[in-house]
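The values are calculated or read from the model by the stated rules, or taken from the named source; none is laboratory data. Keep in mind that what you see is a predicted model, and the values were worked out from it rather than measured. Neighbour counts run over all protein chains shown; Cβ positions are idealised from the backbone, glycine included. Note: areas computed on protein heavy atoms with side chains; ligands, DNA, RNA excluded. Shrake-Rupley method; radii C 1.70, N 1.55, O 1.52, S 1.80 Å.
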Amino acid sequence: MATPYLPSIKVTFDFSNGAGFGVPLQLGDPINGLLGTNTLGVSASQIVDISSQIVQINISGGRNLLQSQFEAARCVVRLLDPNGYWNPQNPSSPYYPNLVPLRKLRVSATYSGVTYYLFSGYSATYTYTYPTNQQTGYLTIECFDAFRLFNMANISTVAGAVAGQDTGARINAILDQIGWPSTLRAIDTGNTLCQADPATNRSALQALKNCEFSEFGAFYVDDAGVATFINRTNLIKKAAQTALIFNQSGGIPYKLGVPVLDDKLIVNQATIGRIGGTPQIVSDAASQAKYFSHSITQTSLVLNSDTDALNLALAYVEANKETTIRFDSLALDLSATNSQSAVTVAALSVNNFSPVTISNTTPQGSTITKTLQVMGTNHDITATSWITTLTTAEPIIDGFILDSPIYAVLDTAVLAY
C-alpha cells in the first residue's frame with residue numbers, strides 16, 4: 001500500500017531570459033507587469049509545468065565540510081518525451097526555438113496545503129536517450145543553482161567597494177556588479193570590515209567566497225534561488241535554536257544514520273593572510289600533540305587589518321581543534337509504509353543550519369546522541385519512492401566561543417541573545 005505521506009511534486013521550466021524566477025513581466029499587464037515582482041520575458045506561456053513528464057528527480061547540494069564552503073546545488077530531472085518536443089530542432093515543438101542552455105527550472109513540493117521549494121536553478125546540459133525498441137525517448141536535464149552563474153561572471157573592479165565596508169555590503173556590491181536581482185538576495189550586515197577591492201581579475205564567485213571566509217560566515221543559494229549570506233553572529237544564534245529530535249522511539253523516525261568518529265575535520269594550525277598583509281599563524285599545541293598537525297591556509301583575503309587576520313585564525317583553530325563522534329548524514333524515507341507526517345514535514349522544511357538531535361541505539365543497547373546542524377539536503381524522488389538525506393555536522397562556529405577569550409578579540413561588542 002502506498003504511503004499517504006508523499007508530497008505532490010511540481011516541476012516548472014521557464015524559457016524566459018534573465019536570472020529571476022516567476023511569471024515573465026509583460027508591459028502594460030496589471031498582474032504580470034509588476035516591476036520588482038515579475039521577470040523580463042515575452043509571454044507567460046514561457047513558463048511550462050512539466051510535472052507530468054517527470055520520471056525521476058535527484059537534488060544534491062550543501063556545504064563541503066573538508067573545504068569549509070558551500071558548493072553549487074545540482075538537480076537532475078529525467079522526463080519522457082514521446083512527442084519529440086524537447087528536440088531543439090523540432091519546429092513543431094511548443095518550446096521551439098527557446099530550448100537553449102541556462103533556462104530556469106524549479107522544483108517544489110506541496111504537503112498539507114503548504115508549498116516548499118526544493119530547488120531553483122539553471123539548465124546546464126540536455127542529454128537525449130532513445131532506448132532500443134521503444135517509441136518513447138527520454139531527456140535528462142542537468143541544472144545548477146546560481147553559483148554556476150557567479151562562477152561564469154568575471155569581474156575586476158567592484159563599484160563602491162571601499163575600505164571599511166562590511167562583508168555583507170561588499171557581497172551586495174559584487175552582486176550589483178554582475179547585475180544579480182535584488183529580489184533574489186538575503187544578505188546580513190557583516191561583522192567584519194573589508195579593505196578596498198583589490199581590482200584583480202577573478203570570478204564573482206571567488207570574490208563572494210573571499211568575503212564569506214573573511215567573515216567566518218556562510219554564503220549559499222537557498223532552495224528558492226535566493227543568494228544568502230549569514231554573518232557569524234547569526235550563525236551562533238542558529239546553533240542555539242531548538243533542535244528537531246530524530247530517534248526510533250518518541251522522536252521523528254529515520255531510515256539510516258551512521259555514527260562516525262574521525263580526524264578529517266580537525267584544524268589545529270591556521271595561516272590566515274590578507275591582501276598586502278603579513279600572514280598570521282595560530283597553532284594549538286595540545287591538539288597537535290593529540291592528533292598531529294592538521295593545517296589550513298587562506299591568504300589574499302579582503303580583511304581590513306592583520307589584527308583581523310589574527311583574530312580569524314584564532315577563532316578558526318578554536319572552533320576546529322577537537323573532534324568527537326557525529327553523524328555525517330541522516331536518511332528519511334517518505335515512501336515507507338510506516339512513514340509519518342512528521343518525517344515528511346521535516347524532509348521538506350529543514351534548512352541549512354537547522355539544529356537536529358540524532359539518537360542511535362546500537363545492537364548492544366548503548367545509545368549515541370548528538371546535536372548537530374543540517375549542512376545540506378539531498379532528494380531522490382520517483383513516482384513511488386522518496387528518500388531525503390540530510391547531511392549534518394558540528395556547528396561552524398558555536399556558542400562556546402561566547403565563553404572563550406577568543407570571542408573577546410573576534411568581536412568587540414558582546415552578542416545579545
Share (percent) of C-alpha pair distances in the stretch 181-238 greater than 15 Å works out to 53 percent
Give me the base-10 log of I(q)/I(0) for the stretch 280-377 at each q in 0.20 Å⁻¹, Debye formula, one uniform scatterer per Cα, rounded to two decimals. -1.08
Net lengthening on full extension, N90/K237 (0.36 nm per residue, minus Cα-Cα): 47.6 nm
Under a Cβ-only charge scheme (Lys and Arg +1, Asp and Glu -1), can you give me the dipole magnitude of the stretch 125-190 about the Cα centre, in debye to the nearest 20? 100 debye
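In percent, what relative contact order does the stretch 113-211 have, based on Cα pairs under 8 Å that are 6 or more apart in sequence?
29 percent
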About its Cα centre, how strong a charge dipole does the stretch 222-346 have in debye, to the nearest 20, once Lys and Arg get +1 and Asp and Glu get -1 at the Cβ? 140 debye
I need the shape label for the stretch 146-245. Rule: rounded when a/c is under 1.5, else prolate if a/b > b/c, else oblate, with a, b, c from the alpha carbon gyration tensor. oblate
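What do you get for Rg/Rh of the stretch 339-397 when both radii come from the Cα atoms and Rh is the Kirkwood radius? Please list the in-between numbers first.
Details: Rg = 13.4 Å, Rh = 13.0 Å.
Computed over Cα atoms, the ratio is 1.03.
What's the long-distance tail for the stretch 54-169, i.e. % of Cα pairs beyond 18 Å?
Working: 4364 of 6670 pairs.
Result for the distance tail: 65 percent.
Return the carbon/sulfur percentage of the accessible area of the stretch 240-305, one whole number, probe 1.4 Å, all protein chains in place.
Values: 1980 of 3630 Å².
The nonpolar share, carbon plus sulfur, comes to 55 percent.
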Binned Cα-Cα distances of the chain, short to long, each 10 Å bin given as a whole percent: 4, 19, 27, 25, 16, 7, 1, 0
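T132 to S293: extension gain in nm, 0.36 nm per residue of separation minus the Cα-Cα distance? Mind showing how you got there, number by number?
Working: separation 161, 0.36 × 161 = 57.96 nm, distance 5.59 nm.
Extending this stretch completely gives an extra 52.4 nm.
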Of L139, N378, T391, whose Cα points farthest to the positive end of the dipole of the chain (charges on the beta-carbon: +1 Lys, Arg; -1 Asp, Glu; origin at the Cα centre)? L139
Note down the net charge around D14, summing +1 for each Lys or Arg and -1 for each Asp or Glu among other residues with Cβ under 10 Å from its Cβ. +3
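Tell me, what is the Rg over Rh of the stretch 97-147, with Rh the Kirkwood radius over Cα pairs? If you can, show how the numbers build up before the last one.
Details: Rg = 14.6 Å, Rh = 13.1 Å.
Across the stretch 97-147, the Cα-based Rg/Rh ratio is 1.11.
For a 27 Å ceiling on Cα separation, which of these pairs sit above it: K10/K264; K209/K264; K10/K370; K209/K370?
Going by Cα-Cα distance, K10/K264; K10/K370; K209/K370 fall outside the 27 Å limit.
Which order do you get for V374, V162 if you rank them by accessible area with a 1.4 Å probe, largest at the top?
Working: V374 0, V162 85 Å².
Correct descending sequence by accessible area is V162, V374.
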Picking from S112, S156, S300, which is most flexible by a Gaussian network model of the chain using Cα springs under 10 Å? S112
May I ask you to derive the relative contact order of the chain, considering only C-alpha pairs under 8 Å and at least 6 residues apart, and to give it as an integer percent? 15 percent
Percent antiparallel among DSSP beta bridges with both residues in the stretch 262-386, to the nearest 5? 70 percent
